[in-house]
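Undergrad: Here it is, the structure, as structure tokens.
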Amino acid sequence: MDEVLANSPAQQAQLQPGDILIRLAGQPITSLKSYADLLRALKAGEKIELQFRREQDLKTVDIVPVER
């Protein structure tokens, strides 16, 4: 992540710049395009699992996407 927007699901999940997104809703994130494709396929308001790496730690959080 390069940036975390205020009041976004990423901020609510306590993501930080520098975190590396690994999986979203059980699907691997292999590129920015794959991340965008996964986000478009999700339903707003539905809780999903996000796995990410911060420094040497692998973390998992639940997020709720919002409609844009």
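Undergrad: Could you tell me how many of the residues in segment 31-40 are over 11 Å from Ile63 (Cβ atoms) and surrounded by 10 or more Cβ atoms within 10 Å (Cβ to Cβ)?
TA: 5
Undergrad: Is it true that Leu39 is touching a residue at least 24 places away in the same chain (Cβ under 8 Å) and part of a strand (DSSP E or B)?
TA: Answer is no for this residue.
Undergrad: Moving to a separate point now. So which residues in segment 1-13 are open to solvent by 50 Å² or more (accessible area, probe 1.4 Å) and either closer than 17 Å to Gln51 by Cβ or modelled with pLDDT of 90 or more (or both), if there are any at all?
TA: Met1, Gln12
Undergrad: Right, something else. Scan Gln16, Gln56 and give me the residue that is open to solvent by 60 Å² or more (accessible area, probe 1.4 Å), closer than 17 Å to Glu3 by Cα and out of contact with any Pro (no Cβ under 7 Å at 6 or more places or on another chain).
TA: It is Gln16.
Undergrad: How many residues are surrounded by fewer than 16 Cβ atoms within 10 Å (Cβ to Cβ) and under 11 Å from the mean Cα position of the chain (by Cα) when one looks only at segment 41-50?
TA: So the answer is 1.
Undergrad: Residues that are part of a strand (DSSP E or B) and without any contact (Cβ under 8 Å) to a residue 60 or more places away in the chain: does segment 8-21 have at least one?
TA: Yes, there is a match, as at least one residue in segment 8-21 is part of a strand (DSSP E or B) and without any contact (Cβ under 8 Å) to a residue 60 or more places away in the chain.
Undergrad: In segment 1-35, what residues are more than 10 Å from the chain's Cα centre (by Cα) and not polar (S, T, N, Q)?
TA: If the condition is that a residue be more than 10 Å from the chain's Cα centre (by Cα) and not polar (S, T, N, Q), then Asp2, Glu3, Val4, Leu5, Ala6, Pro17, Gly18, Gly26, Pro28, Leu32, Lys33 are the ones that fit.
The values are calculated or read from the model by the stated rules, or taken from the named source; none is laboratory data. As the structure is a prediction and not an experimental result, all values here were calculated from the model. All Cβ positions, glycine included, derive from the backbone under ideal geometry; neighbour counts span all protein chains shown. With ligands, DNA and RNA removed, areas are computed over all heavy atoms of the protein, side chains included. Shrake-Rupley method; radii C 1.70, N 1.55, O 1.52, S 1.80 Å.
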